[in-house]
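Note sheet for the following structure.
The values are calculated or read from the model by the stated rules, or taken from the named source; none is laboratory data. Remember, it's a predicted structure, so these values are computed and weren't measured experimentally. Note that we place each Cβ from the backbone using ideal geometry, even for glycine, and neighbour counts take in every protein chain shown.
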Amino acid sequence: MKVVGFSFIKNAEICDYPIREAIQSILPLCDEVIVTVGKSNDNTLALVRDIHPRKIKIIETIWDDNLREGGRVMAVETDKAFQAISEDADWCFYIQADEIVHENSLNAIRESMLKWKDDTRVEGLLLDFIHFYGSYNYVADAYNWHRNEIRIIRNDKSIFSYKDSMGFRKQPNGKLQVKNSGGLIHHYTAVKSPEQMMNKTKAFTALFHSDEKLQEQFGNNTDYDFHKIDSLKKFKGTHPALMLERINRMNWNFEFDTSKSKMKLKYRIRKWIEQLTGKNIGEYKNYKLL
């Protein structure tokens, strides 16, 4: 079984993306990893080259600033990496720059890929997500955060990155048929210093909106206000070992009173129904679970 990873990145240092840890987290399962590296204003290219010189294949790109609607440029960069994967690969493992696969789930993922490799009905595999916010001690628990998403796809070039690269679909626009992989991703999208979080937020928002809209939304603000979040809960698990050095370097403080949730009423109702019935009513699923 041959597995090839793929990802994209730009301005990793400026936006404090843990791209090194993200790629390293899938390397034990991958024969190689293809990364499209956009022209950056920092040392992103050297950083990615240094991760694993033998296994990492880099495609240098220039992001199209005209593809702002819906964050389309991220899907385009994802597709560039996917299309570069050789025909002899069985599975393609997608990882974004702030996603870390927990090492405790690597065996389960490997077993799932082996189990479903020859079953052509299975076009992709889901991984579960935990979304961290503000610090490494809190995770989001409202329903506007995805619980799982497709991160492993069959090497079928009719599959494409969907919308802003969050998931995948198959031409012309069909949802993939998937199985659960048993894997877990820690998503550190909003764990940075207030200054770096503002840098990342501005850069990310610029992929969707005009410069005028950016100025209107952020002005000259230099620090991000983490307390605008609606609802969090304390994290009680373990972090991936790859993240421990980064966690130990944390140099800001964030506290949140988990008893004072501001979760929207519709999410409170959904949580109550789920606790009562075990069903998550209205959950968005960009896939068909076999």
Fill in the blank from the handout: GLU77 vs (1) outside any helix (DSSP H, G or I); (2) farther than 21 Å from ILE247 by Cβ: all pass except (1)
Fill in the blank from the handout: Flagged in region 130-143 as in a strand (DSSP E or B), of a type outside the set (A, V, I, L, M) and crowded, with 20+ Cβ neighbours inside 10 Å, in numbering order, are HIS131, PHE132, TYR133, TYR138
Practice task
Taking the options ARG72, ARG54, name whichever one is surrounded by 17 or more Cβ atoms within 10 Å (Cβ to Cβ), of a type in the set (Lys, Arg) and modelled with pLDDT under 95.
Solution key: ARG72
Exercise for the section: Within region 101-110, identify whether any single residue is over 26 Å from LYS233 (Cβ atoms), touching a Ser or Thr at 6+ places or on another chain (Cβ under 9 Å) and not in a helix (DSSP H, G or I), and answer yes or no. Expected result: no
Practice task
Check whether at least one residue in region 34-42 is closer than 17 Å to ILE159 by Cβ, outside any helix (DSSP H, G or I) and either touching a Phe, Trp or Tyr at 6+ places or on another chain (Cβ under 8 Å) or of a type in the set (A, V, I, L, M) (or both), and report yes or no.
Solution key: yes
